[in-house]
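A.B. asks: Quick one: this structure, given as structure tokens, is what I'll be asking you about.
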Amino acid sequence: MRAIGYRIVSATTEFADVCACKKTGDSGLMNFAKISLLMAGIATAFTLFACQTHRLTPSEGYVNVTGGRVWYRIVGSGSRTPLLVVNGGPGNSSHYVKPLSALADERPVIFYDQLGCGRSDRPDDTTLWRTERFVEEVAQIRKALGLEEVHLYGHSWGTMLAVDYMLTKPKGIKSLILASPALSIRDGFRMRITCWLPYRIRSRKLSGRAKGKRRQTLLSTRVP
């Protein structure tokens, strides 16, 4: 909008120059001012057109990604930088992060169901279920929706995808938001398994007082 404002001010100034030239009878300077005014008007029109064509509006639909189609929804149409939400899972839809739509009063908020979940396609090809493909999916959604600049929000499993995506050094990421980070699944599941154990066994395991086969059994618990 700063560029648009500058162009309009320039055009107004050059219009005043044209009027002044008419009064003084300087035809050469008047022609130059007319050309400058015309160029400023064309530049303003192109700038306005570009802003209108890239501005997101509330909508929903499908984006083609590797392996199938992914459903998305855009909420809000504010002028501030859009927020792209990568939900948790894997295997979950974006329904539970819907409260983030409260931020749509200032900016577009984009939700999507990862491939195999929610309203997206559910292919039978098991080779698609790789972290790398889910990371690629984020890039493909950005490209399809024209998200040149975004705030990237990841929750749980979505934080893994967001961080791995950032490692590809994408352009246009204004900020990275990690909610309930799950950056180490191995450690996370090990802690969860420990919490499921009976209190006496859990306390003995954590304090290192368990003995014999029971201790060996507990310590051999590993997440593949």
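Read-outs throughout are calculated quantities, based only on the coordinates presented, and are distinct from any laboratory measurement. On a predicted model such as this, the values are computed, not experimentally measured, just so you know. Please note: Cβ atoms are built from the backbone with ideal geometry, for glycine as well, and neighbour counts cover all protein chains shown.
A.B. asks: Loop-only check: which trypsin sites (Lys or Arg not before Pro) in segment 128-161 are DSSP coil with at most 13 other Cβ within 10 angstrom?
C.D. replies: Sparse-neighbourhood loop trypsin sites (Lys or Arg not before Pro): 130.
A.B. asks: Just to verify a number: FRET efficiency for residue 167 and residue 77, C-beta to C-beta distance, R0 = 30 Å, to 0.05?
C.D. replies: Once the sixth-power term is evaluated, E becomes 0.45.
A.B. asks: Continuing with the same structure: Residue 168: net charge of surrounding residues, Cβ under 11 Å, Lys/Arg +1, Asp/Glu -1, itself excluded?
C.D. replies: Neighbour charge sum, excluding residue 168 itself: -1.
A.B. asks: May I ask you to sort 141, 110 by Cβ crowding, counting other Cβ atoms within 10 Å and putting the fewest first? Can you show the working numbers first?
C.D. replies: On the way: 141 20, 110 24.
Lowest count first: 141, 110.
A.B. asks: Hey, another quick one. What length, rounded to one decimal in nm, is gained on full extension from residue 95 through to residue 131, with 0.36 nm per residue of separation minus their alpha-carbon distance?
C.D. replies: 10.8 nm
A.B. asks: Could you give me the ³J(HN,Hα) list for segment 73-87, computed from phi with Karplus coefficients 6.51, -1.76, 1.60 and θ = phi - 60°, whole Hz, x at Gly and Pro?
C.D. replies: 9, 10, 10, x, 8, x, 8, 7, 4, x, 10, 9, 9, 10, 7
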